[in-house]
Number of protein chains: 2
Amino acid sequence: MDGLLLATLEDGPQHGYAVKEALRDATGGKLDLPTGTVYPALHRLERAGLIKGSWSVVSGRRRRTYELTEQGRRSLAGARDHWQEFAAVISAALGGGPWPATN
Amino acid sequence: MDGLLLATLEDGPQHGYAVKEALRDATGGKLDLPTGTVYPALHRLERAGLIKGSWSVVSGRRRRTYELTEQGRRSLAGARDHWQEFAAVISAALGGGPWPATN
DNA sequence: CTCCAATACGTAGTGACCCTACATGTAGGA
DNA sequence: TCCTACATGTAGGGTCACTACGTATTGGAG
């Protein structure tokens with residue numbers, strides 16, 4: 001989860017709702033997180049110091065815009081490594097080989 | 001989790017402790033689940049009807065040997081599909097290109 | 001003008017579940 | 001005798017994603 005949100009913020013600051021939509025679009029609608037998942041997760045990441053938020057108002061709507069911190073960038077790199085490792089391990093244990101890839 | 005345990009039982013009946021070791025060996029020790037994870041998970045799978053257990057005694061030690069049910073086999077196939085899909089979605093969302101592979 | 005959807009943020013409560021820690025007992029080697 | 005490996009189990013805690021609900025504005029459809 002955390003890695004996914006961080007990855008979305010990698011290409012520039014975004015507000016929560018935009019993060020949710022970006023994630024949905026990036027996965028062809030297959031990963032459509034509810035707001036009750038996204039917002040608490042962003043708060044968690046901010047408390048952890050991985051992202052930094054700031055309030056603004058755009059066309060009458062208040063927005064909390066987040067951007068990656070240096071620590072967040074490092075955490076994202078770690079999350080990518082960790083995911084690769086994790087996926088390889090699970091794929092191995094689940095059988096069928098690491099990456100069948102249209103055999 | 002469930003899929004991993006089911007996969008371990010695919011090649012024949014095993015008892016809980018053996019499942020734990022098989023999983024550890026299959027992943028080069030990278031996935032060494034504690035007994036407090038394995039046993040409750042097996043109980044869960046049995047309650048769900050995906051595996052079927054039976055007691056026996058081997059060299060003075062009592063064993064609960066599990067084997068896949070038909071439903072369990074179907075569930076395992078589904079879990080493999082689901083994992084492939086899931087891994088693809090996460091990999092896509094996590095970005096960094098399809099497969100950076102030692103950039 | 002009214003109503004509803006989309007935008008945008010948030011919290012509370014629930015349920016699932018993995019893990020730590022502990023308990024029990026046998027077999028076998030140091 | 002003691003410790004390790006084998007073998008199973010429960011209890012409690014902490015994390016976390018999700019459902020459901022609440023608040024507020026903008027803008028388009030009817």
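No lab work stands behind these numbers, since they all come straight from the coordinates. The structure displayed is predicted, hence computed values, not measured ones. Note that we place each Cβ from the backbone using ideal geometry, even for glycine, and neighbour counts take in every protein chain shown.
Calculated translational diffusion coefficient of the stretch A:2-94 (25 °C, 0.890 mPa s; Stokes-Einstein with Kirkwood radius over alpha-carbon pairs) equals 174 µm²/s. Compared with the alpha-carbon gap, the fully stretched path from B:A88 to B:H43 is longer by 13.2 nm at 0.36 nm per residue.
Give me the net charge of A:G72's neighbourhood, meaning all other residues with Cβ under 11 Å from the Cβ of A:G72; Lys, Arg count +1, Asp, Glu -1. Residues close to A:G72 contribute a combined charge of -2.
Above 32 Å, the calculated P(r) of the protein assembly as shown contains 34 percent of its Cα-Cα pairs. Taking chain A as a Gaussian network, Cα atoms linked when under 10 Å apart, which of A:E70, A:E85, A:E46 shows the biggest mean-square fluctuation? Greatest mean-square fluctuation among the candidates belongs to A:E85. Where chain A is rotated onto chain B, the residue of A whose Cβ comes nearest the axis, and that gap in whole Å, is A:A87, 2. When the Cα positions of B:S59, B:A77, B:A93 are compared along the charge dipole of chain B, B:S59 comes out farthest toward the positive end, with charges on each C-beta of Lys, Arg, Asp and Glu. Summary for A:R61: label point 7 Å along Cα→Cβ; distances to the equivalent points in the other copies, ascending, 6.1 nm. What is the sum of charges around B:P40, taking Lys and Arg as +1, Asp and Glu as -1, for the other residues whose C-beta is under 15 Å from the C-beta of B:P40? Computed value for this residue: +2.
The aspartates and glutamates whose alpha-carbon is closer than 13 Å to the alpha-carbon of A:K20, local same-chain residues fewer than 8 away aside, are A:D2, A:D32. Near the amide H of B:R63, within less than 5 Å, lie the amide hydrogens of B:S56, B:V57, B:V58, all on another chain or at least 5 residues away, with H placed in the peptide plane. Note on B:K30 and B:R61: the model spin-label points, each 7 Å out from Cα along the C-beta direction, lie 2.8 nm apart. Sites listed here are trypsin sites (Lys or Arg not before Pro) in the stretch B:1-102 whose DSSP assignment is loop and whose Cβ has at most 10 other Cβ atoms within 10 Å, and the list is empty.
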